[in-house]
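What follows is a single structure, written as structure tokens, with notes after it.
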Amino acid sequence: MPRFVPFPLFGRRPVLTLAGLVVLAPFIGPRLFQKWSSAETVLAADDSQDSPAPSNSDETLASGQADLAPQEPTVTDTGYTEWVAFRERFITPDGRVIDTGKGGISHSEGQGYGLLFAEAFGDAETFRRIYEWTTSHLRRDDNALHMWRYDPAAADPVADPNNATDGDIMIAAALSRAGRRWHRPELIRAARAIAHDIDRLLTRQVGQRMVLLPGLRGFETTDAVIINPSYYAFRALAEINTLISSARLRRVQTDGYALIKEGRFGRWQLPPDWLSISRRDGTLAPAPRWPARFSYDAIRVLLYLTEAGLTVPGLRASFTAYWNEKPGFHPAWVDLCTGEIAPYPASPGIQAVADFFLRANGEQLASASVPPAELPTINAQTDYYSAALIVLTYLSWRGL
């Protein structure tokens, strides 16, 4: 693997060693960010919008919203090697995060993960490149959200203007953290604008619940609203709500926690990738338009609960029983209606989540003394999403 030089400020002669960069990073990073100009056009959003009153807060959820201050990483941090591998494999020189598992497209989720990872590992230059590409190619004209998909092979690379809410949450949270870390107020303003539009455009009252729509369109019918439980990235939601203090977003978090607690199905009582909420009586069921599976999406539920310090009663026992059903074999998915288990193994990313969880012996991953070197790592065969899950696993373990 090539030597990592995160701040290429010395022309063609990258003479700094890793040790030298660790020493100089606090001085180089802020100066590098002072040169930004192309991504600083977002105006501060109006903070005066009224929000409905919050529901009773959940004490466990509230505890997961504490201590949002960014932590200063070093090149010796757990997961740093995986971040370098992710950056070199999936991020182009101009800042596009490539989904190698879906034909080389890019999407707001990948851009958001790239920004989160770059900020978490103190990589200011990569953060700048990803942010500028994201703003130039995915930013919508009518609001502060982002188009969800970019296909470089299409005549119109962004033919579908719909957003993906998880991507916007990750982008906003990363901007907020980076703004604090590198003292960039324009990043805070950009994050606040996205947070306002998530709040006003993507939250819905469904019966007694305040829910988070997965996108601007396509998830509401006369009978039901569809949500994705893995879009409830609680720590990221708490991060962006520090910027706007929205009662709706507070309720989205508390009600989202309750939805994950109640919306579990099948023999092992696991959350589905997609969840339907009846408008008539609030009944929860796996969404009919998707396979009724716990798989590639829902695996993130465990990570997002863990990094926020949240525990759903019984959920850890459910995960343990499921992953121990066939010792040494972690299936790619399970059908929550029929109980059918995938005949083929999970991707390396899902394996990383499962292995880390099981080796933690049911403890919170963020406090578990599990040797990270034993987890799956990013290699030449790892696709984008598996690689993202691997990096997310390390960051969840660190509580970032």
For the range 211-269, which chymotrypsin sites (Phe, Trp or Tyr not before Pro) pass both filters: DSSP loop (anything but H, G, I, E, B) and at most 13 other C-beta atoms within 10 Å?
none
Along the Cα-to-Cβ line of residue 217, 7 Å from the Cα, sits a label point; which residues in the range 274-300 have backbone N less than 20 Å from it?
289
Could you pull out every residue, at least 5 positions away or on a different chain, whose amide H is within less than 5 Å of the one on residue 293? Hs are placed 1.01 Å off N in the peptide plane, and Pro or chain starts have none.
273, 274, 336
Can you list the residues, at least 5 places off or on another chain, whose amide H is less than 5 Å from the amide H of residue 265, using H built in the peptide plane?
270
What GluC sites (Glu not before Pro) in the range 98-201 are in a loop by DSSP, with at most 15 other Cβ atoms within 10 Å of the Cβ?
none
Which of the trypsin sites (Lys or Arg not before Pro) across the range 211-274 are loop residues per DSSP, with 15 or fewer other Cβ within 10 Å?
217, 267
Residues of the range 378-400 with the amide nitrogen closer than 19 Å to a label point 7 Å from the Cα of residue 88, along Cα-to-Cβ, please.
378-392
Protection proxy ranking of 167-174, 207-214, 286-293 - average other beta-carbon atoms within 10 Å, highest first
167-174, 207-214, 286-293
Ordered by residue, what ³J(HN,Hα) values in Hz, to whole numbers, does the range 333-348 give under the Karplus form 6.51 cos²θ - 1.76 cosθ + 1.60, where θ = phi - 60° and Gly and Pro are x?
6, 9, 7, 6, 9, 9, x, 4, 10, 4, x, 10, x, 5, 5, x
Residue by residue through the range 189-201, which ³J(HN,Hα) values in whole Hz follow from phi under the Karplus form 6.51 cos²θ - 1.76 cosθ + 1.60 (θ = phi - 60°), with glycine and proline marked x?
5, 5, 4, 5, 4, 5, 4, 4, 6, 4, 4, 8, 10
Most exposed to least, judged by fewest other Cβ atoms within 10 Å, 260, 98, 227 sort to 98, 260, 227
Check residue 146: other-chain or 5+ apart residues with amide H under 5 Å from its amide H, H built from backbone geometry?
140, 164
For Cα pairs less than 8 Å apart in space and 6+ apart in sequence, what is the mean separation divided by the residue count of the range 52-398, i.e. the relative contact order in percent?
17 percent
Starting from the Cα of residue 379, step 7 Å along the direction of its Cβ; do the same at residue 102; then give the gap between the two resulting points in nm.
2.6 nm
Could you go through the range 222-236 in sequence order and give the Karplus-derived ³J(HN,Hα) for each residue, using 6.51 cos²θ - 1.76 cosθ + 1.60 with θ = phi - 60°, rounded to whole Hz, and x for Gly and Pro?
5, 9, 7, 10, 9, 10, 10, x, 7, 7, 7, 7, 4, 5, 5
So if R0 is 22 Å, what FRET efficiency would residue 290 and residue 267 give, r being the distance between their Cβ atoms, rounded to the nearest 0.05?
0.70
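A short reminder: the numbers here are calculations on the coordinates, not readings from a lab. Not measured: the values here are computed from a predicted model. Note that each Cβ is placed from the backbone with ideal geometry, even for glycine, and that neighbours are counted across all protein chains shown.
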